[in-house]
Amino acid sequence: MADSDHLRIATQRIQWARDNALYRDLAIINEMTRKDLGAFISNLPIEAKRKPALPRPAHVSTTPNAQLPQEADDMNLRHLAAVAAVATSGLMACQQDAASASSPDGDKSKVAHVAPIASSDMRTAADLFASDSGRRWQSYDSLPQVKWIDPTQKQYGPGRYSRSGKILLLGFTIKDIPNGRPGPEFEVTKRNEGESILSLAGSQAEVESISISKPLYSDNYLDTLKKQFGSTAEVSTIAEKCSAGEYEEGAGEGAFFAVSIPDKDVIYVQASQQDGGKYTAGYTVFNLTRSRPSEAIAQLNCKQEK
């Protein structure tokens, strides 16, 4: 046998060995896929296997070793079939998961891997405020959502302290927002209406309340709060149709809400609108407290829920 024939046969054997290794690896992948996604669906129609009747090249001899090209073709076909099996099983598993998620009787365990929606900045701050550590000023240093304006709490009156930072409320879009500066510095900029100021207030010893102020008037307080606290918290109205402040020109009525957060103390939210002056378009303010604001509800002549 000529050297060229030996070289050709050796090359074909190497090709065959490589294809066989790929086929073995894909078989392992198929087995792992079955363990992760379940068995393949068996009720699909199966077509009879067909081998292409390819013409034999004239230069190929009829010796046993010369059958290697046909063996390589068979191995390539099996290789492609294995690849198709992996792709088909993945597609079937995705379709089964989607069907289970859309079915009211679907297995809940199949949708447990869906990533939850990230908590809003208000919810994150409220979770801390309603916890045992929420009274300590230094506890709020760990909130990554808040871009603090004040590096620490500062005194603004006898025995009274505050600290402010920037957060983003969910559910708002880009709008024209006045900057609130008088004279030549006044301008209107386009920015997200949800860009708000969060302010902590209390004594030197502890944080007593949280105030969140967003630009522009928003009348649907309940909808805004539900978007911030999500489906795992219960937001209920305890009083509404509260009169606006005497000098709050153009401001709408206020309301009070109770928020129940799992494994946390109930907190209360007073929602109101503040004028802010002629260089603004007004503000919507959410004030969070730990105790029920019964006195404020009475003073504002609110309609209390029974």
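Some points to look at:
- Cβ-Cβ contacts under 8 Å between residues 6 or more apart (or on different chains), taken from a first residue in the stretch 136-158 that is among the charged types (D, E, K, R) to a second residue that is open to solvent by 100 Å² or more (accessible area, probe 1.4 Å), are listed as K147/K166.
- The set of residues in the stretch 193-214 that are open to solvent by 10 Å² or more (accessible area, probe 1.4 Å) and in a strand (DSSP E or B) comprises E195, I197, S199, A201, E208, S209, S211, S213.
- For the stretch 127-148, filtering for residues that are open to solvent by less than 100 Å² (accessible area, probe 1.4 Å) and over 27 Å from N192 (Cα atoms) leaves 6.
- From the options D265, D275, residue that is among the acidic types (D, E) and farther than 30 Å from F186 by Cα: D265
- Test: residue in the stretch 109-119 that is among the polar types (S, T, N, Q), modelled with pLDDT of 95 or more and not in a loop (DSSP other than H, G, I, E, B): no
- Any chance P151 is under 26 Å from the mean Cα position of the chain (by Cα) and surrounded by fewer than 14 Cβ atoms within 10 Å (Cβ to Cβ): no
- Cβ-Cβ under 6 Å pairs, at least 6 apart or on other chains, the stretch 160-187 side closer than 19 Å to D121 by Cα, far side open to solvent by 80 Å² or more (accessible area, probe 1.4 Å) and aliphatic (A, V, I, L, M): S164/I149; G165/I149
- Within the stretch 154-186, the set of residues being of a type in the set (A, V, I, L, M, F, W, C) and either open to solvent by less than 60 Å² (accessible area, probe 1.4 Å) or more than 25 Å from E206 (Cα to Cα) (or both) comprises I167, L169, L170, F172, I174, I177, F186.
- Residues (over 30 Å from the mean Cα position of the chain (by Cα) and closer than 25 Å to D176 by Cβ) located in the stretch 198-244: A244
- Residues satisfying the criterion are absent from the stretch 238-259 (criterion: of a type in the set (S, T, N, Q), at pLDDT 95 or above and open to solvent by 40 Å² or more (accessible area, probe 1.4 Å)).
The values are calculated or read from the model by the stated rules, or taken from the named source; none is laboratory data. What you see is a predicted model; the values in this text were computed from it and never measured. Heads up, the Cβs are rebuilt from the backbone with ideal geometry, glycines too, and the neighbour counts pull from every protein chain shown. Side chains included, ligands, DNA and RNA excluded: accessible areas come from the protein's heavy atoms. Shrake-Rupley method; radii C 1.70, N 1.55, O 1.52, S 1.80 Å.
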